[in-house]
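Colleague: Here you go, one structure.
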């Protein structure tokens, strides 16, 4: 078979397709988005009716994937690291229900926060749930782990986490695919109460999960993804996890590596190998992408054994992504350059596109709010978050999906009236509706701006589940139709927009204002254009 | 032989299309390849870069170590300077001269060019103008690739083949225009290096 040139994300998708996956579930989130997009674009997936439509959020995605697994088929669910917080309830309990068809939970972490609010390390979640983790070092392994992950999941009857980070997700390399496997036939779990987490059953299942731990460790110890490369110089033993292995090897392109190296790409950590290294080496150095989770486990609380260095003792920076230079410095190697970025180079932060509807909505909001004191606009996750930057300086919060509406409510409860929420259409259906019901049930004095651009913009223009539904949803949950206002955010309509906003800001109850204009990045998307016309938006 | 390239520009300027063409050229020459891209938030008008590594041997890191890039290929002059710590002592900086101004404190362009001229090996090319001369402003990125092509350890024919593959769906006219753009960029460098 011919080699394919694939992003890490795409390699995972191709591996899953070749392994007989029947469905992929996800909500877009950088750096995980391209996994699902690859399946959506695949002719093979279409011909074989492999599910790939976007889900409304990560929790619904996780649950749908679990349902597909219940019915005996192989399913994958993909999200960015903070998406796992949204899916956490379903995720944690899926390790207690266990699976029927293989289930892989792909989580893409974002160390250095290239496109995220934090750099949480998802391996903690997998450890918390006590399930195996696969963490590829390169695109080929990403492919193979997706391919092999379903088998692993079916062997232990547990979900398996496939953890990647931004760098691998968005880096391209040649991948050698394997032969195609058939999809599973439908089959129910042998025990029809396996997924019924009533206490008595949950206790039994949990004991099963606990009992599987030693088997999981043995699996890691025999995994082809973990390797112990012995070396003659035992002054340092080096442990790498995932992609950190590459940065180590980059530093030995023109010199010989004499230290023993333990490459960990499957967890639980291979205990035998770690014990061997700790027993033989004077000192352990750990390179891991993300939090110092392996480092903490090996170091222990008392730090009385073999010295361990890594992110905790300052050998490596405590936060941020690794790179070849950070690893070189830890090893005491010289960097080849002392060139600095010239002072003339200015920062160029991301910004909303010229002509974007969010900009006009913010201009109108700024004018309408001019008679109130500042600091009352709660925003959300999306392109409009960029309204926090100059020249707009328009928003005062960005926390998590849906938090704009509920934080505005809490602030209004505290007496900050009017409080304003700014949320996008896709984020509204992701996690805004429940908060809106909270507002309606108390008729909180909040003005909620749902800036509708018919798409999930920041991640590249994926479908929005809110398309054509926003007013119906708002009325359905109890917002009074008189206080749902729609306008087209343009410079020409500025006076009308400001007027509407002023009126609703003065209203002591729930208002929903919908500035509605298509995202200019999606103008070439004919399917979307036709749909907008058909819906009369 | 190995070539490490930092591609630089502003989100939306299409540096990934240059990367794709280099990728095709590398495949055509049976070389190994790793190419790290920036997706997500920065694509909205922020500074973006792509680390591209091609080699006969297996490549370890997706990221280029500092001080070892053979080429900085930038479609925007100020952005070319942002990655100077990556350039090797003998590396080449190849940049478009047309600024992309979407920030209020963009420096004086003459000062930017003066700074670029301090680099031992540099090519400053007005790729937009050259592309426009034969009627296709959209090919300016391919002009840039042509201008950097002499510094790759990849034969020029492989770049031409890469363009034929990348633009195959768009028809012979588009292929021909882009091949012209590639050659025009290369000619400029041959005359001005």
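The values are calculated or read from the model by the stated rules, or taken from the named source; none is laboratory data. Everything numeric here is computed off the predicted structure, so don't read it as measured data. Ideal geometry is used to build each Cβ from the backbone, glycine not excepted, and the neighbour counts take in all protein chains shown.
Colleague: Given the condition surrounded by fewer than 17 Cβ atoms within 10 Å (Cβ to Cβ) and in a helix (DSSP H, G or I), answer yes or no: does some residue in region A:450-470 qualify?
Modeller: Within region A:450-470, not a single residue is surrounded by fewer than 17 Cβ atoms within 10 Å (Cβ to Cβ) and in a helix (DSSP H, G or I).
Colleague: Name the residue that is farthest from residue B:10 (Cα to Cα), counting only residues in region B:106-120 that are without any contact (Cβ under 8 Å) to a residue 12 or more places away in the chain and facing chain A (nearest Cβ under 10 Å).
Modeller: Result: B:118.
Colleague: Return the residues of region A:31-56 that are under 20 Å from residue A:80 (Cα atoms) and either in the same structural domain as residue A:430 (by TED's automatic domain parsing) or touching a helix residue (DSSP H, G or I) at 6+ places or on another chain (Cβ under 6 Å) (or both); say none if nothing qualifies.
Modeller: Within region A:31-56, A:31, A:34, A:35, A:38, A:39, A:52, A:55, A:56 qualify.
Colleague: Give the number of residues within region A:262-284 that are within 14 Å of another protein chain (Cβ to nearest Cβ) and either farther than 21 Å from residue A:145 by Cα or part of a loop (DSSP other than H, G, I, E, B) (or both).
Modeller: Matching residues across region A:262-284 total 0.
Colleague: Condition first: in a helix (DSSP H, G or I) and under 21 Å from residue A:383 (Cβ atoms). Now tell me which residues in region A:409-435 satisfy that.
Modeller: A:425, A:426, A:427, A:428, A:429, A:430, A:431, A:432, A:433, A:435
Colleague: Pick from region B:92-105 the residues that are at the interface with chain A (Cβ under 10 Å from one of its Cβ atoms) and in contact (Cβ under 8 Å) with a residue 24 or more places away in the chain: which of them is surrounded by the most Cβ atoms within 10 Å (Cβ to Cβ)?
Modeller: B:100
Colleague: Based on this model, can you work out whether residue A:53 counts as at pLDDT 95 or above, surrounded by 24 or more Cβ atoms within 10 Å (Cβ to Cβ) and farther than 29 Å from residue B:28 by Cα?
Modeller: When the stated conditions are applied, residue A:53 does not pass them.
Colleague: Please state which of the following conditions residue A:328 fails to meet, knowing it meets all the rest: (1) in contact (Cβ under 8 Å) with a residue 40 or more places away in the chain; (2) assigned to a loop (DSSP other than H, G, I, E, B).
Modeller: Unmet for residue A:328, out of (1) in contact (Cβ under 8 Å) with a residue 40 or more places away in the chain; (2) assigned to a loop (DSSP other than H, G, I, E, B): (2).
Colleague: Could you list, in sequence order, the residues of region B:77-87 that are buried (at least 19 other Cβ atoms within 10 Å of the Cβ) and at the interface with another protein chain (Cβ under 9 Å from one of its Cβ atoms)?
Modeller: B:78, B:79, B:81, B:82, B:83, B:84, B:86, B:87
Colleague: Report the residue count in region A:9-64 for those that are in a helix (DSSP H, G or I) and away from chain B (no Cβ under 14 Å).
Modeller: Looking only at that region, the number is 22.
Colleague: Specify which of the listed residues (A:383, A:398) is surrounded by 19 or more Cβ atoms within 10 Å (Cβ to Cβ), closer than 29 Å to residue A:465 by Cβ and at the interface with chain B (Cβ under 10 Å from one of its Cβ atoms).
Modeller: Residue meeting the stated conditions: A:383.
Colleague: Any chance you could count how many residues in region A:154-180 are within 24 Å of residue A:65 (Cα to Cα), within 14 Å of chain B (Cβ to nearest Cβ) and part of a strand (DSSP E or B)?
Modeller: Number of matching residues: 2.
Colleague: Suppose we filter region B:107-164 for residues that are touching a strand residue (DSSP E or B) at 6+ places or on another chain (Cβ under 6 Å) and more than 26 Å from residue B:53 (Cα to Cα); how many remain?
Modeller: 0
Colleague: Among the numbered criteria (1) closer than 17 Å to residue B:189 by Cα; (2) modelled with pLDDT under 95; (3) in contact with a helix residue (DSSP H, G or I) (Cβ under 6 Å, 6 or more places away or on another chain), which one does residue B:153 miss?
Modeller: Residue B:153 satisfies all of (1) closer than 17 Å to residue B:189 by Cα; (2) modelled with pLDDT under 95; (3) in contact with a helix residue (DSSP H, G or I) (Cβ under 6 Å, 6 or more places away or on another chain) except (3).
Colleague: Which residues, taken from region A:332-380, are in a loop (DSSP other than H, G, I, E, B), over 28 Å from the mean Cα position of the chain (by Cα), touching a residue at least 24 places away in the same chain (Cβ under 8 Å) and buried (at least 17 other Cβ atoms within 10 Å of the Cβ)?
Modeller: A:376
Colleague: Quickly run through region A:320-353 and pick out the residues that are more than 8 Å from chain B (Cβ to nearest Cβ) and either touching a strand residue (DSSP E or B) at 6+ places or on another chain (Cβ under 9 Å) or closer than 30 Å to residue A:521 by Cα (or both).
Modeller: A:321, A:322, A:326, A:327, A:330, A:331
Colleague: For region A:361-380, does any single residue satisfy the condition of being facing chain B (nearest Cβ under 9 Å) and over 26 Å from residue B:105 (Cα atoms)?
Modeller: Among the residues of region A:361-380, not one is facing chain B (nearest Cβ under 9 Å) and over 26 Å from residue B:105 (Cα atoms), which makes the answer no.
Colleague: Residue under question is residue A:180, and the condition is that it be farther than 30 Å from residue A:10 by Cα, surrounded by fewer than 20 Cβ atoms within 10 Å (Cβ to Cβ) and assigned by TED's automatic domain parsing to the domain that holds residue A:142; does it hold?
Modeller: Here the answer is no, as residue A:180 does not meet what is asked.
Colleague: Just for region B:42-54: of the residues that are in contact with a helix residue (DSSP H, G or I) (Cβ under 8 Å, 6 or more places away or on another chain) and within 7 Å of chain A (Cβ to nearest Cβ), which one is nearest to residue A:349 (Cα to Cα)?
Modeller: B:47
Colleague: So, one more: What is the number of the single condition among (1) touching a helix residue (DSSP H, G or I) at 6+ places or on another chain (Cβ under 9 Å); (2) closer than 14 Å to residue B:3 by Cα; (3) within 9 Å of chain A (Cβ to nearest Cβ) that residue B:57 does not meet?
Modeller: (1)
Colleague: In this structure, does residue A:40 turn out to be surrounded by fewer than 24 Cβ atoms within 10 Å (Cβ to Cβ) and over 21 Å from residue A:183 (Cβ atoms)?
Modeller: no
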